[in-house]
Ligand code: SF4
Ligand code: SF4
């Protein structure tokens, strides 16, 4: 009986993710910092798995960062997102996947709020009509792009070229994960595994043969905090929170950090550089940092994509220590090339953190 | 019943985010902002539920409501299904509408946030955009960030982004009809009014402080005192 009860509770956190036909929405942060991750995901799902993912150039920001920095009203964010629903409806799709965790949280919040307050939804419908002459259906299913990677983890692992095994020791690659707060902390039932035991990234890494390593501050916020990062005077907040996470994970000697939120990915990567410059401390082995990959980048490496084609040179922390452990063949000379093989000058070397 | 509490209760985030708070402090225990700043979400929720107009006004003028990072970690753990993070968002909205946000150092930062973020949305259609996200004001972008900025077209093209192009894909130029839609949405949904509140009150404050708009931006974006921190 108790087991049955537990199974029922757990079943609340299992998502029945549809198998195909998605309207894809990009993330502002990811397009700036790691656009290769989005493009690679589209290549995997379309060309390796034969799925239908549609995108339109008419999609814009969802306004999420401005909304959570309290400079646009809730109604504005709702109407911008209603416009995205209209684009999905016009294109004939019912499932929507967003690449950003801030968007995912906000879309989820909006859909839940409209359920509770239908008069507000009616008002937004009117706003959208007045502003854009558009009408919309809400998505039948809303996913984050990490849900998509999780959903296809087994078909992808069947095509694995470099599973998550340390080729030098024969042991699994040691993975720590960091889930963006807005993925499931507000609406635990919207995330695979819920908020306390999210499984979306662990499940992916395990399917690829990696070992998930727990650490005390696993669920602590990366520290973005919107205004706490965007205003220069507040940035210590952001840095301190990430610092707390690094100090907590360091003793467990992870080979890689994986993330689902484009913002967290950026902070866990760049603050390692700042901590090396300001505190004189480097968290990885041999003077390198701990590489930070998104779920899409991890899947792409496992499936044999070239690390530079997918854009891993855009991370500050060098990924080479991980590539070497996984036995991935790559050409170091191509790392800092531009388009069409053009040689670019290398980035300046940081004081301590090794980059190449 | 008073004017502030009634106004707050019109905000859907407060309708959703405030049930009876039992003052247990679980939100404060989990809160990353409370660890860093002299901040206690439990007290904020408690003040709002007390409906004490004077105390609410003090909050609207205070730095306290600007310390939260809106991570929503508190929402998962609150035993009463409150959302202190949403309560804070409603207070911030009211603080802007009443102009009281310029009374606190952290509140005055809304001027810089509004300029940068709504500038990005209305000029480019993105919240973050390479035209305004610069290494100079973001040194943590790192040596690789500087390299991206210096070689922007090459770096983006190599990874398949279509920066500033009339195309579908990452960092494309957002088509004019979509930009027009965003502008009309701002007008219809009150974003322009909110921005007016921010700019008018900030201008007044800048005058009071004897600063030009540019100096005021520099001040609120770059300068903060140590008194906000827990260990001060
Ligand atoms: S956790 Fe919830 S009930 Fe407890 S003090 Fe915070 S808001 Fe109140
Ligand atoms: S949303 Fe705000 S109050 Fe809640 S835990 Fe995060 S920082 Fe603290």
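Considering B:162, B:155, the condition of being buried (at least 17 other Cβ atoms within 10 Å of the Cβ), more than 7 Å from chain A (Cβ to nearest Cβ) and free of Cβ contacts under 8 Å to residues at least 24 places away in the same chain is satisfied by B:162 alone. Annotation: residue B:126 fulfils all but one of (1) in the same structural domain as residue B:178 (by TED's automatic domain parsing); (2) surrounded by fewer than 23 Cβ atoms within 10 Å (Cβ to Cβ); the unmet one is (2). Select from the stretch A:238-248 the residues that are surrounded by fewer than 24 Cβ atoms within 10 Å (Cβ to Cβ) and either in contact with a strand residue (DSSP E or B) (Cβ under 6 Å, 6 or more places away or on another chain) or within 7 Å of chain B (Cβ to nearest Cβ) (or both) and list them in ascending order. Result: A:240, single match.
For (1) within 14 Å of another protein chain (Cβ to nearest Cβ); (2) within 21 Å of the chain's Cα centre (by Cα); (3) away from ligand 1 (no atom under 13 Å from the Cβ), each residue gets a yes or a no:
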{"site": "B:9", "(1), (2), (3)": "yes, yes, yes"}
{"site": "B:17", "(1), (2), (3)": "yes, yes, no"}
{"site": "B:20", "(1), (2), (3)": "no, no, no"}
{"site": "B:32", "(1), (2), (3)": "yes, yes, yes"}
{"site": "B:36", "(1), (2), (3)": "yes, yes, yes"}
{"site": "B:54", "(1), (2), (3)": "no, no, yes"}
{"site": "B:60", "(1), (2), (3)": "yes, yes, yes"}
{"site": "B:72", "(1), (2), (3)": "yes, yes, no"}
{"site": "B:77", "(1), (2), (3)": "yes, no, no"}
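All of B:2, B:25 fail the test of being surrounded by fewer than 20 Cβ atoms within 10 Å (Cβ to Cβ), away from ligand 2 (no atom under 13 Å from the Cβ) and away from chain A (no Cβ under 11 Å), apart from B:2. Among the residues examined, residue B:68 qualifies as in a loop (DSSP other than H, G, I, E, B), under 20 Å from residue A:74 (Cβ atoms) and within 14 Å of ligand 1 (Cβ to nearest atom).
Only one entry of A:263, A:341, A:284 meets the criterion of being touching a helix residue (DSSP H, G or I) at 6+ places or on another chain (Cβ under 9 Å) and modelled with pLDDT under 95, and that entry is A:341.
Residues are listed down the side, and each one gets a yes or a no for (1) within 11 Å of ligand 2 (Cβ to nearest atom); (2) in contact (Cβ under 8 Å) with a residue 24 or more places away in the chain:
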position: B:70; (1), (2): yes, no
position: B:73; (1), (2): yes, yes
position: B:84; (1), (2): yes, yes
position: B:96; (1), (2): no, yes
position: B:99; (1), (2): no, yes
position: B:104; (1), (2): no, yes
position: B:110; (1), (2): no, yes
position: B:116; (1), (2): no, no
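Consider the stretch A:310-325 and keep the residues that are surrounded by fewer than 21 Cβ atoms within 10 Å (Cβ to Cβ) and in contact with a helix residue (DSSP H, G or I) (Cβ under 8 Å, 6 or more places away or on another chain). The one that is nearest to the other protein chains (Cβ to nearest Cβ) is A:320. Would you check which residues across the stretch A:326-345 are outside any helix (DSSP H, G or I), within 14 Å of another protein chain (Cβ to nearest Cβ) and surrounded by 13 or more Cβ atoms within 10 Å (Cβ to Cβ) and list them? Of everything in the stretch A:326-345, those that are outside any helix (DSSP H, G or I), within 14 Å of another protein chain (Cβ to nearest Cβ) and surrounded by 13 or more Cβ atoms within 10 Å (Cβ to Cβ) turn out to be A:335, A:336, A:337, A:338, A:344.
The values are calculated or read from the model by the stated rules, or taken from the named source; none is laboratory data. What you are looking at is a predicted structure, and each value in this text was computed from that prediction instead of being measured. Because the Cβ atoms are built from the backbone with ideal geometry, glycine has one as well, and the counts that use them run over all protein chains shown.
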